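A.B. asks: Structure incoming, see below.
The values are calculated or read from the model by the stated rules, or taken from the named source; none is laboratory data. Bear in mind the structure is a predicted one, so any value in this text is a computation, not a measurement. We place every Cβ from the backbone using ideal geometry, glycine too, and count neighbours over all the protein chains shown. Heads up: the accessible areas ignore ligands, DNA and RNA and are worked out on the full protein's heavy atoms, side chains in. Shrake-Rupley method; radii C 1.70, N 1.55, O 1.52, S 1.80 Å.
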Amino acid sequence: MNESLRVRARAARIGIKSGALRGSALLEVLLSVPFIERDAWVDEVFGLPELPVDVPGLPRESVPYLPCGVDEILAMVRDVPLRAEDELVDLGSGLGRVLMLAHVISGSACKGFEIQEPLVLDARARSEDLCLSNISFVLADATEADLDGTVFFLYAPFSGEMLRRAIKRIQTVAARHPIVVCTVGLELNDVTWLVARRSNTVTLTVYDSR
Ligand SMILES: C[S@@+](CC[C@H](N)C(=O)[O-])C[C@H]1O[C@@H](n2cnc3c(N)ncnc32)[C@H](O)[C@@H]1O
């Protein structure tokens with residue numbers, strides 16, 4: 001990243017930390033960053049490190065950490081559309097890129113469940129550094145956790161039996177109120193209580209509960 005982008009990232013970080021830079025103003029700044037630099041620029045703003053090493057002994061069906069692309073996160077915020085009244089839940093929240101970005105753009109409450117403790121501690125530290133409130137990171141197996149929320153995000157965090165368990169947990173929320181489920185790199189076409197929306201975004205699928 002060149003020095004001018006770094007300077008803009010530092011300025012954006014100060015604006016976010018003070019609470020002055022949010023929503024459409026922040027989105028405008030972000031969209032002015034060249035597409036190819038956006039992921040690195042967002043990580044610079046949030047103080048997110050390069051890819052950390054995964055903890056040894058991750059369960060067989062758990063997918064290792066890889067952050068979701070900024071463009072998919074922006075598509076999710078736009079297509080849902082995510083609002084300040086929503087609670088966004090990221091199953092397998094990693095270092096928190098999805099939740100921090102979605103939170104500062106939409107104002108929604110955010111909760112992440114992550115099985116790797118170092119990632120949870122790092123995500124908490126980064127969001128506290130930025131004085132973000134209404135965002136939390138829980139150390140837990142997301143497929144065993146009690147869930148609530150209005151929008152659920154899954155960037156292919158697990159497969160097989162783990163995925164089936166997580167979908168059942170999300171279904172218990174949908175039985176209480178309508179929800180939206182967003183997936184990246186994962187199709188849920190066999191889940192009969194979810195209806196996929198038509199979309200122009202290749203990698204993101206948005207589903208409504210029936
Ligand atoms: C592909 S990464 C996505 C990270 C994050 N959502 C993002 O986009 O930046 C998948 C994450 O799911 C986590 N994970 C895998 N199995 C899990 C489980 N059963 N419960 C909670 N987190 C899990 C992994 O540790 C990893 O951080």
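A.B. asks: Towards the positive end of the charge dipole of the chain, with charges on Cβ (+1 Lys, Arg; -1 Asp, Glu), say which of Ala40, Val181, Pro118 has the farthest Cα.
C.D. replies: Val181
A.B. asks: With both partners inside the chain, how many of the DSSP beta bridges are antiparallel, as a percent to the nearest 5? Before the final figure, lay out each step's value.
C.D. replies: Values: 9 of 27 bridges.
The answer is about 35 percent antiparallel.
A.B. asks: Sort Tyr207, Tyr65 by heavy-atom solvent-accessible area, probe 1.4 angstrom, most to least.
C.D. replies: On the way: Tyr207 0, Tyr65 35 Å².
Largest accessible area first, the list is Tyr65, Tyr207.
A.B. asks: Then there's this: Just tell me the longest site-free run in the chain, where the sites are GluC sites (Glu not before Pro) in a DSSP loop having at most 16 other beta-carbon atoms within 10 Å. Don't skip to the answer; put the middle values down first.
C.D. replies: Working: sites that count: Glu50, Glu61, Glu85, Glu144, Glu187.
Counting only loop sites that pass the neighbour cut-off, the longest clear stretch is 86-143.
A.B. asks: Still on this structure, I have one more. State the answer as a single residue: which of Ala196, Ser62, Val138 lies farthest towards the positive end of the charge dipole of the range 55-209, with beta carbon charges of +1 for Lys and Arg and -1 for Asp and Glu, about the Cα centre.
C.D. replies: It is Ala196, whose Cα lies furthest towards the positive end.
A.B. asks: Over the chain, average the accessible area per residue using a 1.4 Å probe and give it in Å², no decimals.
C.D. replies: Numbers: 10200 Å² over 210 residues.
For the chain, the per-residue accessible area is 49 Å².
A.B. asks: To one decimal place, what Kirkwood hydrodynamic radius in Å is obtained for the range 55-209 from all pairs of distinct Cα atoms? Don't jump to the answer; show the numbers that get you there.
C.D. replies: Numbers: mean 1/r = 0.0650 Å⁻¹.
One over the average 1/r among Cα pairs gives 15.4 Å for the range 55-209.
A.B. asks: Still on this structure, I have one more. What percent does the relative contact order of the chain come to when contacts are Cα pairs within less than 8 Å and at least six residues apart?
C.D. replies: On the way: 343 pairs, mean separation 38.6, N = 210.
With pairs under 8 Å counted, the relative contact order is 18 percent.
A.B. asks: With each pseudo-label sitting 7 Å past Cα toward Cβ, what's the Leu51-Cys131 distance in nm, one decimal?
C.D. replies: Placing both labels 7 Å along Cα→Cβ, they lie 3.5 nm apart.
A.B. asks: Right, here's the next one. Rounding to the nearest 20 debye, state how big the charge dipole of the range 55-209 is about its Cα centre with +1 on each Lys and Arg Cβ and -1 on each Asp and Glu Cβ. Please report the intermediate quantities before stating the final value.
C.D. replies: On the way: 14 positive and 21 negative charges, 55 e Å.
That gives a dipole near 260 debye.
A.B. asks: Expressed as a whole percentage, what fraction of the accessible surface of the range 55-209 belongs to carbon and sulfur atoms when a 1.4 Å probe is rolled over the protein heavy atoms? Spell out each step's value before the answer.
C.D. replies: On the way: 3430 of 6810 Å².
After summing per-atom areas, the C and S share lands at 50 percent.
A.B. asks: Only residues of the range 140-170 count here: report those whose backbone N is under 13 Å from the spot 7 Å along Cα→Cβ of Leu66, or say none.
C.D. replies: Once the point is set 7 Å along Cα→Cβ of Leu66, 155-158 turn out to lie under 13 Å by backbone N, inside the range 140-170.
A.B. asks: Once the whole set of protein chains is in place, how much accessible area is left on Thr203, using a 1.4 Å probe, in Å² to the nearest 10?
C.D. replies: Rounded to the nearest 10, the figure is 60 Å².
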